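The values are calculated or read from the model by the stated rules, or taken from the named source; none is laboratory data. Computed from a predicted structure; not experimentally measured. So basically every Cβ, Gly included, is an ideal-geometry build from the backbone, and we count neighbours across all protein chains shown. To get the accessible areas, we keep the full protein, side chains included, count just its heavy atoms, and leave off ligands, DNA and RNA. Shrake-Rupley method; radii C 1.70, N 1.55, O 1.52, S 1.80 Å.
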Amino acid sequence: FIKTVFACLAARIICKASPDTDLYVLYAGLGVVLGHNFPCYLHFKGGKGIASMAGILVSMDWRVTLVCAALFLGAVIITRYVSLGSILVVISFFIQMLIYGSRGDYRVSEGSLMEFFAISFILMAMAIWRHRANIKRLLSGTENKLWGGKK
């Protein structure tokens, strides 16, 4: 989480004069997520990138952070499935990037908006892909629940 916040903050400071500041923040976050998910020193077998995604959420927009935090907590409290909460968060992140980006709420030039959406989609798709085993277990009813127990 912290490594992503630092990378995104550095991108925001370095690129503050650019009309595409928020695009560069997303790129910085993508770099951290890729490094987390596919570290070379672990033979490219890393995590699922959800903590890194949380760093991107916090770095991008407080509204996105609040919606995603509420969605995650609600899903986990109701279902006790952390993986389901994580998947819902990344989907919500992408939808919010589309909505707020289309409204012009981010510092992204008109010509770079599709690239902004593409990076947001890649982040979402990668997180869902990394959760594919969890999704299979959720569908089969064998996913581990928070606080112990199955199904």
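By the scheme Lys and Arg +1, Asp and Glu -1, what is the net charge of all other residues having a beta-carbon under 15 Å from that of V32? Spelling it out: positives minus negatives among the neighbours equals +4.
Of the cross-linked pairs K3/K136; K45/K136; K16/K48; K48/K145, those separated by over 23 Å at the C-alpha level are K3/K136; K16/K48. For region 3-59, what percent of Cα pairs sit more than 18 Å apart? Distances greater than 18 Å cover 33 percent of the Cα pairs.
For the residues F6, F94, a 1.4 Å probe over the protein chains yields an accessible-area ranking, largest first, of F6, F94. Entry note, the chain: relative contact order of 24 percent, from Cα contacts under 8 Å with a spacing of 6+ residues.
Taking the C-alpha atoms only, the angle from helix 2-14 to the longest principal axis of the chain is near 10 degrees.
Per-atom-type breakdown for region 1-108 gives carbon and sulfur 75% of the accessible area (1.4 Å probe, protein chains only).
Ranked by the mean number of other Cβ atoms within 10 Å of their residues, highest first, the peptides 79-91, 104-116 fall in the order 79-91, 104-116.
At 1.4 Å probe size, with every protein chain present, just tell me what the per residue accessible area of the chain comes to in Å².
Numbers: 8210 Å² over 151 residues.
Heavy-atom accessible area per residue stands at 54 Å².
This model, with +1 at the C-beta of Lys and Arg and -1 at the C-beta of Asp and Glu, gives the chain a dipole about its Cα centre of some 820 debye. Take every Cα pair under 8 Å whose residues are at least 6 apart in sequence, average their separation, divide by the length of region 76-151, and the relative contact order is 41 percent. As a rough guide to protection, the peptides 12-18, 30-36, 117-123 ranked by mean Cβ packing within 10 Å, highest first, stand as 30-36, 117-123, 12-18.
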